[in-house]
Ligand SMILES: [Zn+2]
Ligand SMILES: [Zn+2]
């Protein structure tokens, strides 16, 4: 069958919406009609190539982007038992095995079975079921959700209730979970904490909401773009600043010069300067969470060992908010339905054909999260 899809053909090439060929689902696979797909900065890392190793281009391009999405199962392959045609689902870029030590201990995002999820080919058999003019296509995170429909593994989708709007559900599948979990699970924000969130796109706004929901006393939102700072305020930030340097005085005032309790780095790209500035405003026995990614091949960053040995500071990484996608998804959707988590106000919608505008708007801070409407009906 045919499908419209946004494809990038080489490093730093623009997205092009083209017609691709999609083969039927094989055993253990499902065909999903994607109704909403969020633009996550991970897609941009792959499009721009700043996370692509030199020489690795042929393994990635041409590529169908997208990994943060929701849709409807249209068809299932042999042996599929957990979803049926008509079921509403979200994409899961962490297709957990359920059996390894990480899955068994509730840390499914770190599943040992995920080590190949960025490689070419379908998850179930490594074959290709998506082609452009006869050429096999790479699917971002084995999902490729910037498309009307793609064939993905049964493990790569998680069922959701039908009453949740697709766009909100889509954001829960990556950005909202990652940001919210950064503040709640990885930073372990506690009531009364002073929290700093650096970078206030979809991830940062979700981190602000997470920090607010567990009772942070003050939330300092840092972003160079005014719309993002205003957005952060409307979602619960108490102070804003254009840079960590500008925030330094605010943080000192709020903490008697001790530094923040939790600092969360969610900028588009974590540079060594941002890491150092973040660590600098992190207080004693406090936690710095690194959620955003650095550019590929970035030189190792020197760190002040005394900050750890003498001040008890911690730096923690963060994948999918440190949560298990199968348990986090229904939990976050419940918070959304209860009105604790505001996802709708984060969303600006674009048709799939306007992905170029959506991306430009997102990079220039004219939206908080672009959501593509992929399936034409
Ligand atoms: Zn993402
Ligand atoms: Zn596993």
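Some points to look at:
- For the stretch 289-314, a residue qualifies if it is within 30 Å of residue 56 (Cβ to Cβ) and free of Cβ contacts under 8 Å to residues at least 40 places away in the same chain, and the qualifying residues are 290, 294, 298, 299, 300, 301, 302, 303.
- Of all residues in the stretch 18-42, those satisfying the criterion of being closer than 14 Å to residue 152 by Cβ and within 16 Å of ligand 1 (Cβ to nearest atom) are 34, 37.
- Residues that are loosely packed, with under 14 Cβ neighbours inside 10 Å and within 20 Å of the chain's Cα centre (by Cα) were ranked within the stretch 88-117; the one that is nearest to ligand 2 (Cβ to nearest atom) is 112.
- Scanning the stretch 100-120 for residues that are free of Cβ contacts under 8 Å to residues at least 12 places away in the same chain and assigned to a loop (DSSP other than H, G, I, E, B) turns up 105, 115, 116.
- Between 32, 22, 76, the distinction of being surrounded by 24 or more Cβ atoms within 10 Å (Cβ to Cβ) and modelled with pLDDT of 95 or more belongs to 32 only.
- Those strands (runs of 3 or more DSSP E) of the stretch 175-285 in which at least 2 residues are surrounded by 23 or more Cβ atoms within 10 Å (Cβ to Cβ) and in contact (Cβ under 8 Å) with a residue 40 or more places away in the chain, considering only elements entirely within it, cover 194-198, 260-265.
- From the list 85, 14, 54, the one residue that fits, being surrounded by fewer than 18 Cβ atoms within 10 Å (Cβ to Cβ) and within 23 Å of the chain's Cα centre (by Cα), is 14.
- Set side by side, the residues 136, 159 differ, and just one is closer than 18 Å to residue 329 by Cβ and either away from ligand 2 (no atom under 16 Å from the Cβ) or in contact with a helix residue (DSSP H, G or I) (Cβ under 7 Å, 6 or more places away or on another chain) (or both), which is 159.
- Residue check for residue 168: farther than 11 Å from residue 69 by Cβ and outside the structural domain of residue 53 (by TED's automatic domain parsing): yes
- The set of residues from the stretch 89-99 being within 16 Å of ligand 1 (Cβ to nearest atom) and either without any contact (Cβ under 8 Å) to a residue 24 or more places away in the chain or in a strand (DSSP E or B) (or both) comprises 90, 91.
- Just one of the listed residues (45, 131, 67) is more than 22 Å from the chain's Cα centre (by Cα) and either within 16 Å of ligand 1 (Cβ to nearest atom) or in contact (Cβ under 8 Å) with a residue 24 or more places away in the chain (or both), and it is 131.
The values are calculated or read from the model by the stated rules, or taken from the named source; none is laboratory data. What you are looking at is a predicted structure, and each value in this text was computed from that prediction instead of being measured. Positions of Cβ are generated from backbone atoms using ideal geometry, with glycine treated the same way; all protein chains shown enter the neighbour counts.
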